[in-house]
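Please treat every number below as a calculation from the coordinates, not as lab data. Everything numeric here is computed off the predicted structure, so don't read it as measured data. Methodologically, a virtual Cβ is constructed for each residue, glycine included, from the backbone with ideal geometry; neighbour enumeration extends over all protein chains shown.
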């Protein structure tokens, strides 16, 4: 059973381009979380999704950022018109049904660098 | 409004010593509690879940105090390899009805030889 898979591991984008970050949860997991970690800072919650539904997006910036978790395929975090301040490590975590009583497992993250 | 709060440290502790740190959470309805460990530039990994009755795993002991709304982590006989950032995680901490995980910013622990 493979763990949470994130790709790419490293992504370099020029200002104004789009960044697409992918997260394949562990087999059997239907809950996905995205977190952002700026250098020397803690993890910051962005969005919580279940299959085809956004449950909580209170941590997502209002503009340029969007997330989806389709019925088939990985969860995607999309950042449009990237700016230097978007440079960070983006971690995805997944957990199985059962929600609150289960821990989450993390992918290795995608390190986005905006130049 | 701080939902899950931790002392960021760093805690500089000699090898072999015992170290403890706490984490407070704001939502009394929170259901689940965890300690994660994050090494530099790596993903967080589950260290242990925290149960109402407290739990112990080798040199690590975690406890929950619902009345005061905090959880604690105790590390005995600390090793150099314990150096890491320890993240307190609470499920349902936001108080807004969303059953998501909320992470504290972490406590940085440095074990010194």
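Just a few scattered comments:
- Simple label model, 7 Å out from Cα along Cβ direction - residue A:54 to residue B:46, nm: 2.8
- For region A:7-115, the direction-averaged projected area of the alpha-carbon convex hull comes to 6.5 nm².
- If both residues of a DSSP beta bridge must be in region A:1-114, then about 90% of such bridges are antiparallel.
- Applying 1/(1 + (r/R0)^6) with R0 = 41 Å to the Cβ-Cβ distance of residue B:67 and residue B:18 gives a FRET efficiency near 0.95.
- Ranking of B:103, A:45, B:11 by neighbouring Cβ atoms within 10 Å, starting from the fewest: B:11, A:45, B:103.
- Whether region A:26-69 is rounded, prolate or oblate, judged on the alpha carbon gyration tensor where a/c under 1.5 counts as rounded: oblate
- Cα gyration tensor shape for region B:20-59, rounded if a/c is under 1.5, else prolate or oblate: oblate
- Seen from all directions on average, the protein assembly as shown presents a Cα convex hull projection of 12.7 nm².
- Counted over chain B with a bin width of 10 Å, the fraction of Cα pairs per bin, in whole percents, is 15, 48, 30, 7, 0.
- In this simple spin-label approximation, residue A:12 and residue B:26 carry label points 7 Å from Cα along the Cα→Cβ vector, and these lie 4.0 nm apart.
- Beta bridges by DSSP in chain B, antiparallel share as percent, to the nearest 5: 90
- Residue among B:13, B:90, B:50 with the largest mean-square fluctuation in a Gaussian network model of chain B, springs linking Cα atoms under 10 Å: B:13
- Within a Gaussian network of chain A (alpha carbon springs, distance under 10 Å), most fluctuating of A:103, A:41, A:18: A:41
- Binned Cα-Cα distance frequencies in region A:34-94 - 5 Å width, integer %: 4, 18, 29, 26, 16, 6, 2, 0
- With neighbours defined as other Cβ atoms within 10 Å of a residue's Cβ, the residues B:87, B:109 order from fewest to most as B:109, B:87.
- For chain A, a Gaussian network of Cα nodes joined below 10 Å ranks A:30, A:58, A:75 by mean-square fluctuation, and the top entry is A:58.
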